[in-house]
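Worksheet for the structure shown next.
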Amino acid sequence: MSVVRSVIRGCGSYLPAGVVSNAELAKRVDTSDEWIVERTGIRQRYLAGDGELTSALALKASQSALAAAGVSPSDLDLIVLATTTPDETFPATATAVQASLGMTRGAAFDVQAVCSGFVYGLGVADALLRTGQGTNALVIGAEVFSRLLDWNDRTTCVLFGDGAGAVVLGTQPGQGTTNDRGILATKLHSDGRLHDALYVDGGPGKTGTTGHVRMQGKEVFKHAVVNMAGVIEEVVALAGLTLQDIDWLVPHQANKRILDSTAKKLGIKPEKVVTTVDQHANTSAASIPLALDVAVKDGRIRPGQLVVMEAMGGGFTWGACLVRW
Ligand code: ACO
């Protein structure tokens, strides 16, 4: 049966210039390199400069993804930008990227699913492309998450960083089998009852301020492993495949211990897990496309291979996307 598939034509990423090591952070808050590395695997993070906006990071990642794909902005029909740190409350930051790229047609909007945003964005863009909204879509995950941090709260401020990653999706006909290139299955979830475990204590409606991240770390950890392992199994089964078929797991980079525990629970070998949390820390919606770009550029992810991307974030939201590269 002939079907339409959304194929990843290229990817790109961008990190701001400012690198902050754990040791440098320890000069600002009561923490240590030893504690951060042991509990999280994080060694450094990139932080955006004053006035450096999500749209600026997103634009650079998008230009790099478009160049890798050989697609020009005028060929794009859709921009979906996943972010928790929009430039303004409105309009959508995606429209700022659209204007900067010089794209004057199609549609651009943001999705908000915190750390799961990139997986949500892929799911939405894939569905729109397959139902005739267009031929080419740019899906971006971009954050200046540092703006949401309480720099006096050592239990959260050591965990996060800023950055952006993007992929270009293009439609192509497939046979409707798991041998097709492109997105083979996506599964999304949320559970709004778990708000208090991870949220920001501000917003335009409640306080008129941006607010800061508040988190019950142990609660998040526990749910993260169960939810992410569960949704990986679901998405693989949805496509009619097994975990043994998977070549690469590209997880949301929250914490090395979460990555390791999830892979162990599923019996996935550590060498199949793309890990960048040591270098990038948790960049929320940007973390998956940043990790993806690293593993594509260094030649690990190759055409024809099966890649699972998965994430969990505030909400809680969680999801996974299975792609044949
Ligand atoms: N430096 C030094 N000590 C610290 C720090 C720090 N940065 N933060 C906390 N501590 C102390 C605590 O005060 C506590 O001290 P106490 O025993 O004297 O009370 C001690 O370290 C242990 O604290 P715990 O909270 O029990 O540490 P835990 O092992 O649970 O690790 C962590 C904390 C790293 C936050 C962990 O719970 C975690 O990773 N949770 C998941 C959170 C996450 O990834 N959130 C990201 C958003 S959601 C997502 O992306 C999936």
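The values are calculated or read from the model by the stated rules, or taken from the named source; none is laboratory data. Note that the structure is a prediction, hence the values are computed from the model and not measured. For neighbour counting, all protein chains shown are included, and Cβ atoms are generated from backbone atoms with ideal geometry for every residue, glycine included.
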ASP162 - would you say it is within 30 Å of ALA48 (Cα to Cα), touching a residue at least 60 places away in the same chain (Cβ under 8 Å) and surrounded by 16 or more Cβ atoms within 10 Å (Cβ to Cβ)?
yes
Could you give every pair whose Cβ atoms fall below 8 Å, whose first residue belongs to region 299-317 and is in contact (Cβ under 8 Å) with a residue 24 or more places away in the chain, and whose second residue is within 16 Å of the ligand (Cβ to nearest atom) and acidic (Asp, Glu), counting only separations of at least 6 or pairs across chains?
GLY315/ASP191; PHE316/ASP191
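Would you confirm whether any residue within region 221-244 is more than 23 Å from ARG302 (Cβ to Cβ) and among the hydroxyl-bearing types (Ser, Thr, Tyr)?
no
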Quick test for you: out of ARG9, ARG45, pick the one residue that is among the basic types (Lys, Arg), touching a residue at least 40 places away in the same chain (Cβ under 8 Å) and farther than 17 Å from LEU149 by Cβ.
ARG9
Single unsatisfied condition, HIS195 versus (1) closer than 20 Å to SER116 by Cβ; (2) surrounded by fewer than 14 Cβ atoms within 10 Å (Cβ to Cβ); (3) of a type outside the set (S, T, N, Q); (4) in contact with a helix residue (DSSP H, G or I) (Cβ under 8 Å, 6 or more places away or on another chain):
(4)
From the option list ASP260, ASP293, single residue qualifying as acidic (Asp, Glu), crowded, with 24+ Cβ neighbours inside 10 Å and modelled with pLDDT of 95 or more is ASP293
Might you check whether a residue that is among the β-branched types (Val, Ile, Thr), surrounded by 20 or more Cβ atoms within 10 Å (Cβ to Cβ) and outside the structural domain of LEU129 (by TED's automatic domain parsing) occurs anywhere in region 202-210?
no
Evaluate the following for ALA224: is it in a helix (DSSP H, G or I), among the small types (Gly, Ala, Ser) and buried (at least 18 other Cβ atoms within 10 Å of the Cβ)?
yes
Which numbered condition ARG130 misses (of (1) within 16 Å of the ligand (Cβ to nearest atom); (2) more than 10 Å from the chain's Cα centre (by Cα)):
(1)
Do we find a residue being at pLDDT 95 or above, under 24 Å from HIS252 (Cα atoms) and surrounded by 23 or more Cβ atoms within 10 Å (Cβ to Cβ) anywhere in region 15-32?
yes
ILE36 vs. criteria modelled with pLDDT of 95 or more, surrounded by 20 or more Cβ atoms within 10 Å (Cβ to Cβ) and within 21 Å of LEU159 (Cβ to Cβ)
yes
If a residue has to be surrounded by fewer than 23 Cβ atoms within 10 Å (Cβ to Cβ) and more than 21 Å from ILE183 (Cβ to Cβ) to count, how many in region 230-257 make the cut?
3
Go through (1) out of contact with any Pro (no Cβ under 8 Å at 6 or more places or on another chain); (2) farther than 24 Å from TYR46 by Cβ and name the single condition VAL220 misses.
(2)
Filter region 136-177 down to residues that are in a loop (DSSP other than H, G, I, E, B) and touching an Asp or Glu at 6+ places or on another chain (Cβ under 8 Å) and give me whichever is farthest from ALA56 (Cα to Cα).
ASP162
Within region 33-88, the residues that are hydrophobic (A, V, I, L, M, F, W, C), within 16 Å of the ligand (Cβ to nearest atom) and in contact with a Leu (Cβ under 8 Å, 6 or more places away or on another chain) are ILE36, ILE42
Filter result for VAL114 (free of Cβ contacts under 8 Å to residues at least 60 places away in the same chain and buried (at least 24 other Cβ atoms within 10 Å of the Cβ))
no
